[in-house]
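The values are calculated or read from the model by the stated rules, or taken from the named source; none is laboratory data. The shown structure was predicted, so the numbers you read here are calculated from the model rather than taken from an experiment. Glycine gets a Cβ as well: all are built from the backbone with ideal geometry, and neighbour counts include every protein chain shown. Only protein heavy atoms, including side chains, enter the accessible area calculation; ligands, DNA and RNA are left aside. Shrake-Rupley method; radii C 1.70, N 1.55, O 1.52, S 1.80 Å.
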Amino acid sequence: MKAKLVRDTLLKEIRTVCKSIEQFCVSPGKDFVRNRKMPIEKLILTIIGMGSRNITNELLDFYDTSPDTPTASAFVQQRDKLKSNGQPSSSNTLSPLV
């Protein structure tokens, strides 16, 4: 039960960040406006779920080796659009649940 609560809270926080993505972008109004293979929701989930393997293998696992799997270069380019201070905001909400 606690794991489901943590998961649901995490997904809720990710949706909240995605709704106000301009606050977390390097170039608001320019970043994350086009449809891509890796929208912001998937980018955040991928970053959170990554292990210690190389980016290509992590992406293949996340996308289940789908032909639509973005390249490592595409992932890095999308990741670089996020401000580094945007990531801790979700962890503040989760801390009481742990």
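Once phi is turned into θ = phi - 60°, what whole-Hz ³J(HN,Hα) does the Karplus curve with 6.51, -1.76 and 1.60 give for every residue of the stretch 72-81, x standing for Gly and Pro?
3J(HN,Hα) across the stretch 72-81, in whole Hz: 4, 4, 5, 4, 5, 5, 5, 4, 5, 7.
Whole-Å semi-axes of the stretch 2-46's equivalent ellipsoid, largest first, each the root of 5 times a Cα gyration tensor eigenvalue?
So the three semi-axes of the stretch 2-46 are 23, 12, 7 Å.
Net charge around TYR63, counting only other residues with Cβ within less than 12 Å of its Cβ (Lys, Arg = +1; Asp, Glu = -1)?
That sum, taken over residues with Cβ under 12 Å, equals -2.
Accessible area of ASP64, 1.4 Å probe, to the nearest 10 Å²?
120
Do the alpha carbons of any pairs in LYS42/LYS81; LYS12/LYS83; LYS4/LYS83; LYS4/LYS37; LYS12/LYS37; LYS12/LYS81 sit beyond 18 Å of each other, and which pairs?
Pairs exceeding 18 Å: LYS12/LYS83; LYS4/LYS83; LYS4/LYS37; LYS12/LYS37; LYS12/LYS81.
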